[in-house]
1. For segment 563-596, which residues satisfy the criterion of being open to solvent by 50 Å² or more (accessible area, probe 1.4 Å), under 30 Å from residue 27 (Cα atoms), part of a strand (DSSP E or B) and of a type outside the set (Lys, Arg)?
2. I'd like to verify a number: residues in segment 374-396 that are more than 43 Å from the chain's Cα centre (by Cα) and not in a loop (DSSP other than H, G, I, E, B), how many?
3. Can you list residue pairs whose Cβ atoms sit under 7 Å apart, with the first residue in segment 368-384 being over 12 Å from residue 290 (Cα atoms) and the second being open to solvent by 30 Å² or more (accessible area, probe 1.4 Å) and hydrophobic (A, V, I, L, M, F, W, C)? Count only pairs 6 or more apart in sequence or on different chains.
4. Can we say residue 775 is open to solvent by 50 Å² or more (accessible area, probe 1.4 Å) and at pLDDT 90 or above?
5. Would you mind finding the one in 456, 451 that is free of Cβ contacts under 8 Å to residues at least 40 places away in the same chain, part of a strand (DSSP E or B), open to solvent by 30 Å² or more (accessible area, probe 1.4 Å) and not β-branched (Val, Ile, Thr)?
6. Looking only at segment 506-517, decide whether some residue is within 27 Å of residue 474 (Cβ to Cβ), surrounded by fewer than 16 Cβ atoms within 10 Å (Cβ to Cβ), in contact (Cβ under 8 Å) with a residue 60 or more places away in the chain and not polar (S, T, N, Q).
7. Restricting segment 528-555 to residues that are modelled with pLDDT of 90 or more and more than 26 Å from residue 572 (Cβ to Cβ), which is most open to solvent (accessible area, probe 1.4 Å)?
8. Quick one: in segment 778-799, of everything that is modelled with pLDDT under 95 and of a type in the set (Gly, Ala, Ser), which residue is farthest from residue 719 (Cα to Cα)?
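The values are calculated or read from the model by the stated rules, or taken from the named source; none is laboratory data. On a predicted model such as this, the values are computed, not experimentally measured, just so you know. Positions of Cβ are generated from backbone atoms using ideal geometry, with glycine treated the same way; all protein chains shown enter the neighbour counts. What goes into the accessible areas is simple: the full protein's heavy atoms, side chains included, and nothing from ligands, DNA or RNA. Shrake-Rupley method; radii C 1.70, N 1.55, O 1.52, S 1.80 Å.
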Amino acid sequence: MTALLPLALLASATPLVSSVRLEVPEGDRARLERYVELRPGEPLSPERIRRAVELLFATGEFADVLVEREDTPAGVALSFRTVPAPLLQAVTVEGDPALQADEVRRAARLRDGEAMWRPRLDRAAAEVHAALRAKGYLGAAVTAEARPRPRGVEAVFTVAAGPRARVRRVLVRGGPAPMVPALEAEARPRPGEFFEKAQAEEAAESLRDELRRQGYGRARVEAEATVDGEAVDLVFQVTAGRPTVTRFEGASVSRRARSSVRGLLREGGMESDVADEAADRLEDDLRKRGHRGARVTRAWRTEGSRDVLVFELAAGPRARVADARVEGYPGPPPILATRAGEPLQDALLAEDEKRLAAALDALGYGDAAVEARAPEGGGDVPVVFTVRTGPRTLVREVGVSSPVPVPGTSARELHLQPGRPFRARDLTADREALLAAFRDAGYLGAEVTPEVTLSEDRTEARVLLRVEPGVQVTVERVVIAGLDETREQVVRRELLVSEGKPLGDASVLESQRRLGALGLFSRVSLAQMDPESPARRTVVVTAQEAPVTTVAWGVGYAERDQLRASVEVTRRNLFGLDRSLSAFARASFKGSRFVLIFREPYLFGRRRELFVTAFREEEDRDTFDFVRAGALVQTARLHASGVALILRYSFQLTDTFNVVDPEDVGREFASATFSGPSASVVYDTRDDPFEPRAGRFMSADALFSHEVLGGDGFLKGFFQAAHYQRLRGPLVLALSGRVGLGRTFGRGEGVLLPRPDRFYAGGDYSMRGFAVDAVLPSGGNALVLGGAELRANFGRHLAAALFSDMGNVYPLVGDIDLGDMRYTAGVGLRYRSALGPLRVDWGYKLDRREGEDAYRFHFTLGHAF
């Protein structure tokens, strides 16, 4: 049949594409069309067809992609017909319920989204079969098949478990006759119990350990199961050997070394290589005690009915360092590990030689040589480190030779600079930094070759870092694979790898870190689909999604609430957009609490979190009841300078009723309503927020509530600052200052803030000589506080502190009088726990007034500031 073709088609040897159709589910079309680059009206390109097929395959969603071509008068109509891959969506167990679906998943190591090809199904069935046999289903049979589902397949395991074998007899053979009854009593599983292979193997290890503890140091135990229908005869075959004893002859052995060696021999069954390691440990122990020529040999001896492993310790004379001098070092030498009065150890001498050589290299003496001299023999031995420095080399000139510009500011950030000492470690660091900079900029094959030219007297060095960048690799395509619930946009917005941009090592690693930090995926990988391509490559991002729903519950008892229970349910990745919703509920005989939290990670399309929280709690107390309800909307923005801005809008209503004694109503339960915006600015440079040793912390908070918004009318602000400085040794000085100011609206100038919103002082976090809120129990509109604390660390977990606090609370801002301050001082202990420092403080009032207690103890978690 003859067809009339358009003039454009007749004028070209290459036909034009008239239409492109991608046969995929409608909901996936927009996402997948990006991988098909052919467009109607463009020349037909076999290379682009092949590329489209490769990219579609790379998503991992298809078992096959068929390309169909139809010639039409308008050109070539292309159709990409996809065959879905058998991706795992669910696991089902049919037949005997010997294993649950979750147990099958674990036994076969199945992952959602994994392709269930026939070999993988057969391997999974074999692994499930092995798990059944290990549980005692010795005649089990397992088959697996993949049943189609809308977006993948369901792996169906058909299990014919058969009867579960029980242990008929348990025997111990080959062991010492007096021990056999006791060993048989410890063997597991017992007669009549179900046979489990893992339990039998664990019992064999336990019997072996018992034999070794009883002196049979080379004992071996193997569990052997003989199957007779549904019965299993379990035999523990013992190879005990002769009783063994370990003996140390010659020099004395420290208790620590003796215990270490015996434990090693017992665990290793006194094998030859284990005995050699034990001899090395003994030799090392002697040399640490100053016996420089120590030698340890081992041998087996037979004494009657037992074998004796004898360690012969030849210690030789013990040497001690009389004094340690460094000769020829330019200036004060570094502190050495070899010290007067300590045992002389050759290992420490070698370590000090390296330490001195490294210090000299840092000063520019690259050819320096260090030799330690210590006379042979025992007693007090003088040690001399002789230094031959050679010429000191300074950098005269540094340059970078590259056919392309050096990425970023790497050339200006080199360690080697004119006038500074020439150091080999700096040269290595500069080479690595340049290499990383070029590879991060997409020059994946870059090479940096240092060229160093020394002057004739070796006092000056000219350094040239010659760069061969190679070809800059760019990202042609980014393919996302493995997603089910999560939308592609969530992954793409975390990627620093983008199409058309250079493919750098740092961007790949940071992209993988950011995706892992989302908490949505159990596994994430970034790989190049075409790693041999010289200039343009495709990056495939493969993600395995983690479970989206978590449930946590608890049951407890509290003196006030009595028996109480709680449950928390969190649903992550709502709508596939990394949003989350958490619901927490707690109930007891005295009250209840409910909290609902919604998190939006990208507010208005920007990387900014938004939290919306709603809560309600109620409680029946002995002298009053209360109900509190409210909501909070909060977002934060972190600036590059380290300053964080937090904005929130809050509403909280507290209603207290059935009041028997108003004095028993704490300020946090006083009836009040707050409604209005608030803002916080935080600047934090502390090295550790839980245990700061250096840095600063500053924050400013402003809070506004008004009757028009439905709350009590007031404005309050709070500022705090803290400074931390490491002093000599274990000492840290911490300084703190806090100021709070507030006023009311619509009630006159002299009205106090609502009781829950007033400022208070006293307690474990301020004015530690007072009880909580006891400086002015009624609270006030103004607060001034200052504090200093000297902290001393003792080891990994313990610390002590001396502290002094000053300040006061004033009813109104106009009442502030810095001459009317209260002063306390005291001492404290801290224990560093996994939750933070546990703190005990004793505070003493320096200006005690009539009727006041002289001191106060506080026990709490975390530092006062």
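1. 569, 581
2. 11
3. 368/357; 370/357; 382/322; 383/324
4. Details: open to solvent by 50 Å² or more (accessible area, probe 1.4 Å): no; at pLDDT 90 or above: yes.
It is false that residue 775 is open to solvent by 50 Å² or more (accessible area, probe 1.4 Å) and at pLDDT 90 or above.
5. None of the other options fit; the residue is 451.
6. Yes, segment 506-517 contains at least one residue that is within 27 Å of residue 474 (Cβ to Cβ), surrounded by fewer than 16 Cβ atoms within 10 Å (Cβ to Cβ), in contact (Cβ under 8 Å) with a residue 60 or more places away in the chain and not polar (S, T, N, Q).
7. Here the answer is 536.
8. 795
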